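Heads up: the structure comes next, in structure tokens.
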Amino acid sequence: MLKEILDGRRAIPQKKERSSKGGSKILAKGIPVVPGKLTGIARKFCKPSDLDNFKHGDILIATMTTPDIFLVIDKIAAIVTEQGGEVCHAAIVAREMDIPTIVGCGKFLDKVKDGEKIIIDGETGEVKKVGSQV
């Protein structure tokens, strides 16, 4: 049986925010690629100049990744993308570099402010909002 593979052409719209145990809002759910659960600061990557804002331990959030992310690969703690599937660029890089990653989350970037604290769960594929902007 073949698994569904999202090709990254479009992001699948999320239906609504959901709440989880502990009061954290589930912003998105996608395909877990590399396991790992962590809390960190979300940094949006929309254009190459955004990479200047990355600090060690940040979580890269993007519509999709490009080879430009290698400029900060040693700083990012995790990757979350709106588009993609098990064989997209972000997934391949994540497996090679052992970086917790969730891909194919659908539209969620407008729900997260740059600098906001989020939790990613690379086991369940959930992305949660946990606090105010840092």
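The numbers here are math on the coordinates, done by the rules we state, and not lab data. Here the structure is a predicted model, which is why all the values come from computation and not from measurement. All Cβ positions, even for glycine, are placed from backbone atoms using ideal geometry, and neighbour counts span all protein chains on display.
Observations on the model:
- When Ile41, Ile59 are arranged by Cβ crowding within 10 Å, least crowded first, meaning fewest neighbours, the order is Ile41, Ile59.
- Under Karplus coefficients 6.51, -1.76 and 1.60, residue-wise ³J(HN,Hα) of region 25-40 in Hz, glycine/proline x: 8, 7, 7, 7, 9, x, 8, x, 9, 10, x, x, 10, 8, 10, x
- A straight Cα-to-Cα reach below 20 Å connects Lys47 with the aspartates and glutamates Asp58, Asp68, Asp74, Glu82, Asp110, Asp114, Glu116, residues fewer than 8 places away in its own chain not being considered.
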